[in-house]
1. Take the residues in the stretch 32-58 that are more than 11 Å from the ligand (Cβ to nearest atom) and surrounded by 13 or more Cβ atoms within 10 Å (Cβ to Cβ); name whichever of them is nearest to the chain's Cα centre (by Cα).
2. With the requirement that a residue be at pLDDT below 90 and of a type in the set (A, V, I, L, M), what does the stretch 219-236 give you?
3. Just a yes or no: is a residue in the stretch 62-76 under 10 Å from the mean Cα position of the chain (by Cα) and either more than 16 Å from the ligand (Cβ to nearest atom) or modelled with pLDDT of 95 or more (or both)?
4. Being farther than 26 Å from GLU36 by Cα and either part of a helix (DSSP H, G or I) or not assigned by TED's automatic domain parsing to the domain that holds ALA169 (or both), is that true of even one residue in the stretch 125-133?
5. Can you tell me which residue among LEU29, LEU9, LEU24 is in a helix (DSSP H, G or I), within 14 Å of the ligand (Cβ to nearest atom) and surrounded by 15 or more Cβ atoms within 10 Å (Cβ to Cβ)?
6. So which residues in the stretch 59-78 are surrounded by fewer than 17 Cβ atoms within 10 Å (Cβ to Cβ), in a loop (DSSP other than H, G, I, E, B) and not polar (S, T, N, Q), if there are any at all?
7. Of GLY146, GLY139, GLY188, GLY132, which residue is without any contact (Cβ under 8 Å) to a residue 40 or more places away in the chain and surrounded by 23 or more Cβ atoms within 10 Å (Cβ to Cβ)?
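The values are calculated or read from the model by the stated rules, or taken from the named source; none is laboratory data. None of the values given here were measured: they were computed from a predicted structure. So basically every Cβ, Gly included, is an ideal-geometry build from the backbone, and we count neighbours across all protein chains shown.
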Amino acid sequence: MTINADGVLIVVALLAGAALGPLLRAQILHFAVPSEESWRRDCPQCGAALLPTAWRALPPTGRCPRCRQRIGPAPGLVEAVAAATLALLAWRVSAPLPLAALCWAAVFGVVLAFVDVAVHRLPDRLTLPAAGGTAVLLGLSAAVDGEPRRYVVALASALGLAAFYLILALIAPAGMGLGDVKLALCVGLAAGWFGWPATVMAAMAGFLLAGFYAVALLVTGKVGRKDHIPHGPFMLLGALVAVTLAAV
Ligand SMILES: [Zn+2]
């Protein structure tokens, strides 16, 4: 049996995603707090100091190591989402620097998606480094490969998509927030690296997926018309769909 380099890279990405899970869980616990509260470092159930420093890990069981109560996402879920996302990117994108940029965005994206689901917010402390790191790594890639035009399209996509979400946030502040606008910078960069059509596809896929999800919840009676469904996870999922389809 022969194993090609792409196969090895996908397996490495899969394992890296699973291994990062406990670190991402710590970040999710840290940032998943209502906007009026300070960032969390203790177990919400027993008060144990779980995150004395910013970069602690939490077990994949999703339980507090001291009181054994559930804290954060279900067992193995963060690990599975991170592993699947990184493996998908490694499968579709082979150039090292763009892959690094997308993995950077994806790692922040996983934390943002879980935080948005938990508390309906996308903290600046996550959205801004997500966009900044992606911009730096894609810029580096453009400089190394002599592709300035591609980088300009990515930057313009980021600004264009953020402007689009800003207009939505101004028209309908209940449905869209400034967190979504800042997340659009990262989404626009990642999708825009593969061209304008990919950016449009990312936005449309995000709205379509959110729409299907809302209809499914309404039909099954899980939510009412007035309930707010966070849009961040769907923006990220839309970007992943667009990158998966557009990357060559
Ligand atoms: Zn506890």
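1. Here is the first cut: in the stretch 32-58, the residues more than 11 Å from the ligand (Cβ to nearest atom) are 32-41, 51-57.
Retained after the next criterion (residues that are surrounded by 13 or more Cβ atoms within 10 Å (Cβ to Cβ)): 32-33, 39-41, 51, 56-57.
Values: ALA32: 14, VAL33: 17, TRP39: 19, ARG40: 20, ARG41: 22, LEU51: 22, ARG56: 20, ALA57: 19 Å.
Selected residue: ALA32.
2. VAL223, ILE229
3. Among the residues of the stretch 62-76, not one is under 10 Å from the mean Cα position of the chain (by Cα) and either more than 16 Å from the ligand (Cβ to nearest atom) or modelled with pLDDT of 95 or more (or both), which makes the answer no.
4. Yes.
5. Every option except LEU29 fails the conditions.
6. Correct list: PRO59, PRO65, ARG66, CYS67, ARG68, ALA74, PRO75, GLY76.
7. Details: GLY146 fails: surrounded by 23 or more Cβ atoms within 10 Å (Cβ to Cβ); GLY139 fails: surrounded by 23 or more Cβ atoms within 10 Å (Cβ to Cβ); GLY132 fails: surrounded by 23 or more Cβ atoms within 10 Å (Cβ to Cβ).
Every option except GLY188 fails the conditions.
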